[in-house]
Amino acid sequence: MLPNVLTVAGSDSGGGAGIQADLKTMLALGVHGMSVVTAVTAQNSLGVQGAWELPAEAVRAQYRSVVDDIGVQAVKTGMLATAPLVEAVAELLAGTEAPVVVDPVGVSKHGDSLLAASALDSVRGALLPVATVATPNLDEVAQITGVRVEREDDLREAAGALLAFGPRWALIKGGHLAGDAVDLLTDGTEEHWLRAPRHDNRHTHGTGCTLASAVAAGLAKGLTVPQAVRAAKEYVTGAIAAGFALGAGIGPVDHGWRLR
């Protein structure tokens, strides 16, 4: 039987990020993907035109429906939008015996806010402490910790600041830095530096969702955190290289690149 992986995230109507990207990634990596929708966005290659979060009651009902009957081997979180949703999801995760990958989505690829400022304290105090791995990009780690990464040497400081909020591992994604795409994975004791060549391709919508879902897929298969992250890095690097134009703006990464 396939391992079951659950994404708790927002919907991207353009299909490049959010639960759509998560489920495509899970299919490509050989796990059974399931979803709890936290918010609905009107979104395309140009940006986010609107967003509407679901009531916490609806999120709890979806989660319990899936977990109590089907079960999960890993959970990935994405867009949670508001403090009540962050707190509700954190409470659900605390009662689930499965590794958790937290992608603390703060802004979209186009710079649109996807997390209320009032929810940051809940992310720090409730969500990050239940994370097996937290996977912020540089904007998100600055939003959460106040540490601004301007060069590769700053990644270690950012990871330490994030770990102070309680995740077992921090994966600080350095894709916004110049040069090679370098990320730092650490639990505060051991460090793993992950490097990949930077591809000259502007179509990178959904990169963060895709990476976090790939990590969750690896954990569900029984990989260690470093093994899962390295496999996810390889997968998302290929997806970025194969990213394609869609609409008039930034297109998505290609989740099915290995299948072709």
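The values are calculated or read from the model by the stated rules, or taken from the named source; none is laboratory data. Bear in mind the structure is a predicted one, so any value in this text is a computation, not a measurement. Note that each Cβ is placed from the backbone with ideal geometry, even for glycine, and that neighbours are counted across all protein chains shown. These accessible areas exclude ligands, DNA and RNA; they are computed on the full protein's heavy atoms, side chains included. Shrake-Rupley method; radii C 1.70, N 1.55, O 1.52, S 1.80 Å.
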TODO: Among what's in the stretch 149-176 and is open to solvent by 30 Å² or more (accessible area, probe 1.4 Å) and modelled with pLDDT of 95 or more, pick the residue that is nearest to W193 (Cα to Cα).
DONE: R156
Task: Matching residues, the stretch 177-189, being farther than 19 Å from R230 by Cβ and crowded, with 17+ Cβ neighbours inside 10 Å - done: L177
Task: The one condition in (1) closer than 18 Å to V100 by Cα; (2) in contact (Cβ under 8 Å) with a residue 12 or more places away in the chain that R202 fails to fulfil - done: (1)
Open item on the list: For the list (1) in a loop (DSSP other than H, G, I, E, B); (2) open to solvent by less than 40 Å² (accessible area, probe 1.4 Å), I need the number of the one condition that F244 fails.
Closed with: (2)
Task: Selection within the stretch 206-219 - out of contact with any Leu (no Cβ under 9 Å at 6 or more places or on another chain) and either hydrophobic (A, V, I, L, M, F, W, C) or not in a loop (DSSP other than H, G, I, E, B) (or both) - done: T207, G208, C209, T210, L219
- [ ] Could you check D139 against (1) within 15 Å of the chain's Cα centre (by Cα); (2) closer than 23 Å to A74 by Cα and say which number it fails?
- [x] (2)
Task: In the stretch 211-226, the residues that are closer than 11 Å to V75 by Cβ and either open to solvent by less than 10 Å² (accessible area, probe 1.4 Å) or within 9 Å of the chain's Cα centre (by Cα) (or both) - done: A212, S213, A216
Task: Residue check, V8 buried (at least 24 other Cβ atoms within 10 Å of the Cβ), in contact with a strand residue (DSSP E or B) (Cβ under 9 Å, 6 or more places away or on another chain) and of a type in the set (A, V, I, L, M) - done: yes
Task: Residues of the stretch 60-81 satisfying the condition of being open to solvent by less than 20 Å² (accessible area, probe 1.4 Å) and either in a strand (DSSP E or B) or of a type in the set (K, R) (or both) - done: A74, V75, K76, T77, A81
TODO: Select, from G14, G50, the only residue that is surrounded by 15 or more Cβ atoms within 10 Å (Cβ to Cβ) and closer than 24 Å to L246 by Cα.
DONE: G14
Task: In the stretch 97-115, the residues that are open to solvent by 10 Å² or more (accessible area, probe 1.4 Å) and farther than 15 Å from K76 by Cα - done: V107, S108, K109, H110, G111, D112, S113, L114, L115
TODO: Residue by residue through the stretch 197-210, note down the ones that are open to solvent by 10 Å² or more (accessible area, probe 1.4 Å) and touching a helix residue (DSSP H, G or I) at 6+ places or on another chain (Cβ under 7 Å).
DONE: H199, N201, T204, T207, C209
- [ ] Collect the residues in the stretch 130-148 that are open to solvent by less than 60 Å² (accessible area, probe 1.4 Å) and not hydrophobic (A, V, I, L, M, F, W, C), keeping them in residue-number order.
- [x] T132, T135, P136, N137, E140, T145, G146
- [ ] Filter the stretch 1-40 for residues that are outside any loop (DSSP other than H, G, I, E, B), in contact (Cβ under 8 Å) with a residue 60 or more places away in the chain and β-branched (V, I, T) and give the result.
- [x] V5, T7, V8, T25
Open item on the list: What pairs come out if I take residues in the stretch 158-181 that are farther than 28 Å from R202 by Cβ and small (G, A, S) and pair them with residues that are open to solvent by 40 Å² or more (accessible area, probe 1.4 Å) and modelled with pLDDT of 95 or more whose C-beta lies under 6 Å away, six or more apart or interchain?
Closed with: G166/P129
